[in-house]
Ligand SMILES: NC(=O)c1ccc[n+]([C@@H]2O[C@H](COP(=O)([O-])OP(=O)(O)OC[C@H]3O[C@@H](n4cnc5c(N)ncnc54)[C@H](O)[C@@H]3O)[C@@H](O)[C@H]2O)c1
């Protein structure tokens, strides 16, 4: 359990809120009565989501924020404070993929993925945590992935590494923030129908996916609702495939046997 947050009247801020999981979460927060600061690198998408929220009777505004730029985070925080007077929830949601064989991925692939998926949260922490700590309540939502719990893809090593890092930092952050009145939720969805393929960069020949886990692929709206429920119920972990619980238990019970079984499934 982590600290719950009542969304009615809360001010929420979502990165990558113009599409997919971020958009769905922004809409779900608004349906529960939250005001929403929607941000995205693509301002038109953020504007469209803010317009959807206001058309439904909610309150929202859109800002162009590039999560690789700390100054963008700071300007966005200030805009949210000007507009709504407070920020109660920050959702760090942007993530991208680079695909390629482990021996051929260049530094630029690693750096892009780690910068967007991991360092963006370090920037967000510096900008938003002082606010949440000063007010003694609030919530942080970090979008990781099932790939942050189980190392499915050897064709996407930087993604797996970045998402494991996001799970780890979220857990440590929950320990730090919990006693200070601030909750943390970590989203670890399996496949979700979004526009994520637009952000994929491919390096060289990509081997076929090592193992397609038999997990359901869900609409983004499902994840948005699960995220909003987790915030209001004070839950840390959000999964879209309950089977992951069993796989994590098997892995924890005997990592050697678990890994050996998975290696045996592969055909080189
Ligand atoms: N789609 C899936 O199957 C899936 C599964 C598990 C986890 N996730 C994670 O969900 C998160 C959201 O991805 P999605 O699937 O909704 O993808 P998406 O592409 O639909 O949405 C991502 C949004 O991020 C924005 N963005 C890209 N670069 C940015 C930057 N530098 N600054 C600000 N915004 C930027 C894009 O414009 C886009 O609107 C990611 O962290 C992803 O890793 C996705």
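FYI, it's all coordinate maths here, none of it is from the lab. What you see is a predicted model; the values in this text were computed from it and never measured. Quick reminder, even Gly has a Cβ in these numbers, built from the backbone with ideal geometry, and neighbours come from all protein chains shown.
So between residue 255 and residue 101, what do we pick up on full extension, going 0.36 nm a residue minus the alpha carbon distance?
Details: separation 154, 0.36 × 154 = 55.44 nm, distance 2.40 nm.
That works out to 53.0 nm of additional length.
On a full-extension model of 0.36 nm per residue, what is the gain between residue 119 and residue 1, subtracting their alpha-carbon distance, rounded to one decimal in nm?
Gain on stretching residue 119 to residue 1: 39.9 nm.
When a footprinting reagent is the concern and you count Cβ atoms within 10 Å, what order do 218, 38, 202 take, fewest first?
With the fewest neighbours first, 218, 38, 202 line up as 202, 218, 38.
So how compact is region 160-268: Cα radius of gyration and Dmax in angstrom?
Just the Cα atoms of region 160-268 yield Rg and Dmax of 16.6, 50 Å.
Counting only C-alpha contacts under 8 Å and six or more residues apart, can you give the relative contact order of region 1-144 as a whole percent? Don't skip to the answer; put the middle values down first.
Numbers: 253 pairs, mean separation 34.3, N = 144.
That works out to 24 percent.
Using only alpha carbons, build the gyration tensor for region 11-265 and give me the equivalent ellipsoid semi-axes, biggest first, whole Å.
30, 20, 17
For region 118-166, calculate the relative contact order in percent as a whole number, restricting contacts to Cα pairs under 8 Å that are 6 or more residues apart.
38 percent
If each of residue 8 and residue 217 carries a label point 7 Å out from its Cα toward its Cβ, how far apart are those two points in nm?
Distance between the two pseudo-spin positions: 3.9 nm.
Only bridges whose two residues both fall in region 11-265 count here: according to DSSP, what percent of them are antiparallel, nearest 5? Mind showing how you got there, number by number?
Values: 0 of 30 bridges.
Of those bridges, close to 0 percent are antiparallel.
In whole angstrom, how far apart do the alpha carbon centroids of region 133-159 and region 71-94 sit?
Taking the Cα centre of region 71-94 as reference, the centre of region 133-159 is 20 Å away.
Contour minus end-to-end for residue 171 and residue 44, with contour as 0.36 nm per residue of separation and end-to-end as the Cα-Cα distance?
That pair, residue 171 and residue 44, stretches by 42.4 nm at full extension.
Hey, could you grab the Kirkwood Rh for region 103-233? Inverse mean 1/r over distinct alpha carbon pairs, Å, one decimal.
Taking every pair of different Cα atoms in region 103-233, averaging 1/r and inverting gives 16.2 Å.
Going by how many other Cβ atoms sit within 10 Å of their own, how do 263, 90 line up, fewest first? Spell out each step's value before the answer.
On the way: 263 9, 90 29.
With the fewest neighbours first, 263, 90 line up as 263, 90.
Cut-off is 10 Å between beta-carbons; in what order do 119, 91, 1 appear when sorted fewest neighbours first?
By the 10 Å Cβ count, ascending, the order reads 1, 119, 91.
Do you know the relative contact order of region 11-265, to the nearest whole percent, from alpha carbon pairs under 8 angstrom that are 6+ apart?
Here the relative contact order equals 20 percent.
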